[in-house]
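Contents: one structure, followed by commentary.
The values are calculated or read from the model by the stated rules, or taken from the named source; none is laboratory data. Keep in mind that this is a model prediction, so the values were computed, not measured. Ideal geometry is used to build each Cβ from the backbone, glycine not excepted, and the neighbour counts take in all protein chains shown.
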């Protein structure tokens, strides 16, 4: 197996947060003020209500897959 294939497989096993981290690293993206504020807000639980609302919408079938939405004209 080639190294590139091994890297691709390893990336596929990462969490979303880890994928975002490696993407930022490879692309040279640094956190800006907005990113730092969002991270603080998440740590302080300021987005918890939004997460619960999203989970409830998903559980009750009130959401659609993103690929369906993106294909709409």
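Could you please tell me which pairs satisfy a Cβ distance under 6 Å, a separation of 6+ or placement on different chains, a first residue in segment 20-37 that is part of a helix (DSSP H, G or I), and a second residue that is loosely packed, with under 12 Cβ neighbours inside 10 Å and modelled with pLDDT of 85 or more?
Here the result reads none, with nothing in segment 20-37 linked to a residue that is loosely packed, with under 12 Cβ neighbours inside 10 Å and modelled with pLDDT of 85 or more.
Please find, within segment 50-73, the residue that is farthest from the chain's Cα centre (by Cα) out of those that are surrounded by fewer than 11 Cβ atoms within 10 Å (Cβ to Cβ) and outside any helix (DSSP H, G or I).
Here the answer is 73.
Going through 16, 47 one at a time, which residue ends up being free of Cβ contacts under 8 Å to residues at least 24 places away in the same chain, loosely packed, with under 11 Cβ neighbours inside 10 Å and within 15 Å of the chain's Cα centre (by Cα)?
On the way: 47 fails: loosely packed, with under 11 Cβ neighbours inside 10 Å.
Criteria check complete, one pass: 16.
Determine the pairs where a residue that is modelled with pLDDT under 85, located within segment 50-73, has a partner that is loosely packed, with under 10 Cβ neighbours inside 10 Å and not in a helix (DSSP H, G or I) with Cβ atoms under 7 Å apart, the partner being 6 or more residues away or on another chain.
So the pair list comes out empty.
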